[in-house]
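The values are calculated or read from the model by the stated rules, or taken from the named source; none is laboratory data. Quick caveat: nothing in here was measured; it's all calculated off a predicted structure. Glycine also receives a Cβ, built like all others from the backbone with ideal geometry; neighbour counts cover every protein chain displayed.
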Amino acid sequence: MYPELMVIPMREELTRAGIKETRTAEDVDAALAQPGTTLLVVNSICGCAAGKMRPGVRLALTNSASQPDQKITVFAGQDREATERARSYFEGNPPTSPAIAILRDGKLVYLMQRFVIEQATAQQIASELIRAFDELCAKTTA
């Protein structure tokens with residue numbers, strides 16, 4: 001684990017974008033028990049999180065008309081219990097950091113893992129997330 005002082009700016013990069021930190025397993029379960037869509041970001045101290053994932057997520061959130069009902073994050077390597085619980089919702093997928101998921105009513109409907117993030121630019125990540133938001137999070141009118 002890194003000293004908390006080192007990771008504060010990395011945490012704040014997402015919380016300033018309106019993403020709520022979940023630092024315990026109970027926080028994760030409570031958030032994912034809420035109905036609707038949830039963006040779940042597995043944050044990390046690695047370079048691909050800093051240069052690609054976090055900027056891509058921020059771009060997507062500021063440029064998409066469709067938004068998840070809620071947005072949460074866990075920090076891999078720092079909030080171990082919360083991260084393990086978050087990953088338990090990614091059934092059948094290996095754990096990676098960073099990762100970006102969309103869950104609907106607590107069930108995984110979208111997952112972008114590290115190998116995708118490493119190969120993409122922040123803009124490509126944002127474009128893909130906007131597409132996923134439009135497909136999975138758009139509100140329907142009756």
* State which residue pairs qualify: first residue on the phi > 0 side of the Ramachandran plot and inside the stretch 32-57, second residue among the aliphatic types (A, V, I, L, M) in any location, beta carbons under 6 Å apart, and separation of 6 or more residues or different chains. => none
* Tell me which of these G47 doesn't satisfy, since it passes every other one: (1) at pLDDT below 95; (2) surrounded by 18 or more Cβ atoms within 10 Å (Cβ to Cβ); (3) of a type in the set (G, A, S). => (2)
* Within the stretch 111-142, can you find the residues that are touching a strand residue (DSSP E or B) at 6+ places or on another chain (Cβ under 6 Å) and under 16 Å from P35 (Cα atoms)? -> L136, C137
* Structure fact -> If we take the stretch 1-108, then strands (runs of 3 or more DSSP E) inside it with 1 or more residues that are out of contact with any strand residue (DSSP E or B) (no Cβ under 7 Å at 6 or more places or on another chain) and among the aliphatic types (A, V, I, L, M) are none
* Answer with yes or no whether R104 is charged (D, E, K, R) and surrounded by fewer than 17 Cβ atoms within 10 Å (Cβ to Cβ). => yes
* Asked: What pairs come up if the first residue lies in the stretch 112-126 and is under 13 Å from C46 (Cβ atoms), the second is surrounded by 18 or more Cβ atoms within 10 Å (Cβ to Cβ) and among the charged types (D, E, K, R), and their beta carbons are under 8 Å apart, counting only those six or more places apart or on different chains?
  -> I117/K52; E118/K52
* Test for F90: is it free of Cβ contacts under 8 Å to residues at least 24 places away in the same chain and buried (at least 18 other Cβ atoms within 10 Å of the Cβ) -> yes
* Asked: Of (1) closer than 17 Å to M10 by Cβ; (2) in contact with a helix residue (DSSP H, G or I) (Cβ under 8 Å, 6 or more places away or on another chain); (3) among the polar types (S, T, N, Q), Q70 satisfies all except one. Which?
  -> (1)
